[in-house]
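In what follows, a single structure is set out as structure tokens and then discussed.
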Amino acid sequence: MSEYVLEVQDLKKYFPIKSGLLKRTVGHVRAVDGVSFQVKPGETLGIVGESGCGKSTTGRMIMRLTTPTSGKIILDGKDITHAKGEELRASRRKSQMVFQDPYASLNPRMSVGESIAEPLIVNKVLSKSEAFERAGELLKTVGLRPSDINRYPHEFSGGQRQRIGIARALALNPKLIVADEAVSALDVSIQSQILNLLMDLKHQFNLSYLFISHNLAVVRHISDRVGVMYLGHLVEIGPKHSLYQDPLHPYTQALLSAAPEPRRTKRRERIILQGDVPSPANPPSGCPFHTRCPRVMDVCRETMPKPVQVHPDHWVACHLHG
Amino acid sequence: MAEPLLAIRDLKTYFVSKQATVKAVDGIDIEVDRGQVVCIVGESGCGKSMTSLSIMRLVPRPYGKIVGGQILFDGRDLLQLSDREMADVRGSEIAMIFQEPMTALNPVLSIGTQISEVLVRHRGVPKREALDRAIEMLKFVGVPRAEQIVREYPHQLSGGMRQRVMIAMAMICEPKLLIADEPTTALDVTIQAQVLDLMKKMRRETSTAIILITHDLGVVADMADHVVVMYAGQVVESVDADTLFSEPKHPYTRALMDSIPSLEEDKDVLYSIPGTVPSAANFPKGCRFAERCPIAKPSCFEKMPELREVAPGHLVRCDLV
């Protein structure tokens, strides 16, 4: 058994920008620009960041729904960066994805049972009748009724559909689940039901999660470690308590201070960043955050900072440290 | 005490079709004083957006209809005005900003035209002068290079900038009331912080009252003077913001607060409200929250509780408090 369920090394994804009659490539959108991290068995790694920071593209590359431009993805000890055919299918038995909008990710013309049983049948794990039996059990595991297998996605509420999406992800007994904004579309009362379910399932099946979200409080709640992304880079990563109590990167500090807390007492001083995130098609030189950083120095405009370990297991890529 | 700027009395907005009557807003009372920020908070389908559309008399036709109540604004009942009179109120005395500015802005008109149009229509300001005022207003809301932006189109701006343009357009006639329906929900946290900061600046520097509709209790804590919590088309709790966060009374309000993860505290298991909101086409006869309530008694299922004053200025719709 390998030490990590997932290891990502210097992962990059550049999308070409094509223009003109001949569709020549005139530039690249650097969606993910050199990201490295590991996920241990039974661990939840949260990835936070704002729109366009590359967090979803990272998740999709790990699932191999998008092919990386360069870098390495090692899933359960196997390099799957360029896996094809049977090898790729085998990797999908180990990692599964839960999406934001369960309505868009469930086929409206397939019954819930068919949707959940499909991965089992496609991967020839079980016969058709066994697969349906298992689908019923999985529905029970996620808090629905086994008799629901003959109903269709439109008959369920948003929270129930997300439960179905989770049941389908669990069908193949994966080691890793990539959850991309899995609770973001849900109302808070339903969101807490799904978060509790995800945490129960983790203990029950010894799952690892890569939990991608823009919601800092949700990520703190569910994760063991948290990584912060900005403009295609992982700017800080560390154990959640260390990261939330002592954020080191000025971006993490601004992000945490900007998130409104539902409390009236003891307000933190809010750091308000100026301007918008620069375009990943034309990223700034040096540190990607230097254009908005309240503590920018000359060196930040020139050189990209290297990640340094400041606290145990707590890394930051910023010239202010190290 | 002075008369409130806005007083909604027993407002009912229903959607009526042959199959069913959906009671989106079912008898609500809300008051807003001049210069006050009132937050209406609740989950999807609680009627908070329909309340704001009712104030603007923009309830989707033909099925949506205001079937009862009064909306007293500055001494007049908006529900008694003719369509023409109401059009004079909209944008001039009451303005509204929406969650998704891209759908609220006209994609084929320049930013400058859209903002100055409001002044031309309501105040009869000549076009040139109106454009200058638009530039001034854009600067006030923190849009950089305002002189160039007025010639640009909505698609050329980022989400945060579009929301600033919406705010500029809403505020240019200095309305007495601004209704903001989830104005920061579609924005990233750092941009949300910028827009909330701008709304606070506006409140300090103008006398406009704000109704802020949101599902985010964090935004409520940050902005509100007074909070109205809605559930299933009704007001379940109404109180000043400090009391709401220190002593929430209604079981629904308490459950909502317990089900949010925190940025600072560890919670092993989040409280989760079982079940889902009852259908607005078929409400139970008793308390609408009873089925999901942790402290419900048999009597709760029988009789609808009244909204009562449990402490000075603290209204709660629950018989067990």
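The values are calculated or read from the model by the stated rules, or taken from the named source; none is laboratory data. Since the structure is predicted, the reported quantities are computational estimates derived from the model, not experimental observations. Don't worry about glycine lacking a Cβ; one is built from the backbone with ideal geometry, like all the others, and counts go over all protein chains shown.
A few comments on the model shown:
- The residues on offer are B:Ala180, B:Ala186, and the sole one that is closer than 17 Å to B:Gln36 by Cβ, outside the structural domain of B:Leu109 (by TED's automatic domain parsing) and not polar (S, T, N, Q) is B:Ala180.
Quick grid of which residues meet (1) surrounded by 23 or more Cβ atoms within 10 Å (Cβ to Cβ); (2) within 15 Å of the chain's Cα centre (by Cα); (3) within 20 Å of B:Val195 (Cβ to Cβ):
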position	(1), (2), (3)
A:Gln191	yes, no, no
A:Leu198	no, yes, no
A:Ile212	yes, yes, no
A:Val218	yes, yes, no
A:Gly227	yes, yes, no
A:Asp246	no, no, no
A:Ala259	no, no, yes
A:Pro278	no, no, yes
A:Ser285	no, no, no
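- Tally of residues being touching a helix residue (DSSP H, G or I) at 6+ places or on another chain (Cβ under 6 Å), touching a residue at least 40 places away in the same chain (Cβ under 8 Å) and polar (S, T, N, Q) across the stretch B:157-188: 1
- Where helices (runs of 4 or more DSSP H) sit wholly within the stretch B:68-156, those with at least 2 residues that are touching a residue at least 40 places away in the same chain (Cβ under 8 Å) occupy B:101-104, B:111-123.
- In the stretch A:248-257, the residues that are more than 9 Å from chain B (Cβ to nearest Cβ) and crowded, with 21+ Cβ neighbours inside 10 Å: A:Leu248, A:His249, A:Pro250, A:Thr252
- Filter result for B:Ile28 (at pLDDT 95 or above and within 28 Å of B:Ser259 (Cα to Cα)): yes
- Strands (runs of 3 or more DSSP E) completely within the stretch A:1-87 that count 3 or more residues being among the basic types (Lys, Arg): A:6-19
- Output for the stretch B:210-237, where each listed residue is part of a strand (DSSP E or B), touching a helix residue (DSSP H, G or I) at 6+ places or on another chain (Cβ under 9 Å) and of a type in the set (A, V, I, L, M): B:Ile210, B:Ile211, B:Leu212, B:Ile213, B:Val227, B:Val228, B:Val229, B:Met230, B:Val236
- Residue list for the stretch B:270-321, filter: within 16 Å of B:Arg254 (Cβ to Cβ), crowded, with 18+ Cβ neighbours inside 10 Å and of a type in the set (Val, Ile, Thr): B:Ile273, B:Val316
- Per-region count, the stretch B:200-218, residues surrounded by fewer than 23 Cβ atoms within 10 Å (Cβ to Cβ) and within 12 Å of another protein chain (Cβ to nearest Cβ): 5
- Members of the stretch B:256-269 that are at the interface with chain A (Cβ under 7 Å from one of its Cβ atoms) and within 25 Å of B:Val235 (Cα to Cα): B:Leu256, B:Met257, B:Ser259, B:Ile260, B:Pro261
- Count of the stretch B:270-290 residues which are within 13 Å of chain A (Cβ to nearest Cβ), under 15 Å from B:Ala232 (Cβ atoms) and of a type outside the set (Ser, Thr, Tyr): 5
- Only one of the numbered conditions (1) farther than 24 Å from A:Glu269 by Cα; (2) within 14 Å of chain A (Cβ to nearest Cβ); (3) under 16 Å from the mean Cα position of the chain (by Cα) is violated by B:Gly159, and that is (3).
- Selection count, the stretch A:35-71, where residues are more than 14 Å from every other protein chain (Cβ to nearest Cβ) and closer than 18 Å to A:Ala217 by Cβ: 2
- Which numbered condition B:Asp242 fails, given (1) within 12 Å of another protein chain (Cβ to nearest Cβ); (2) part of a loop (DSSP other than H, G, I, E, B); (3) surrounded by fewer than 16 Cβ atoms within 10 Å (Cβ to Cβ): (2)
- Test: residue in the stretch B:46-57 that is surrounded by fewer than 17 Cβ atoms within 10 Å (Cβ to Cβ), over 12 Å from B:Gly233 (Cβ atoms) and touching a residue at least 12 places away in the same chain (Cβ under 8 Å): no
- Screening the stretch A:203-237 for residues that are under 27 Å from A:Cys293 (Cα atoms) and small (Gly, Ala, Ser) and picking the one that is nearest to the other protein chains (Cβ to nearest Cβ) gives A:Ala217.
- Residue that is farthest from B:Val118 (Cα to Cα), among those in the stretch B:170-199 that are within 14 Å of another protein chain (Cβ to nearest Cβ) and assigned to a loop (DSSP other than H, G, I, E, B): B:Asp188
- Residues satisfying the stated conditions in the stretch A:58-113, i.e. touching a residue at least 40 places away in the same chain (Cβ under 8 Å), β-branched (Val, Ile, Thr) and surrounded by 18 or more Cβ atoms within 10 Å (Cβ to Cβ): A:Thr58, A:Ile62, A:Ile73, A:Val98, A:Val112
- Boolean, A:Ser192 is within 12 Å of chain B (Cβ to nearest Cβ), under 30 Å from A:Leu120 (Cα atoms) and among the hydroxyl-bearing types (Ser, Thr, Tyr): yes
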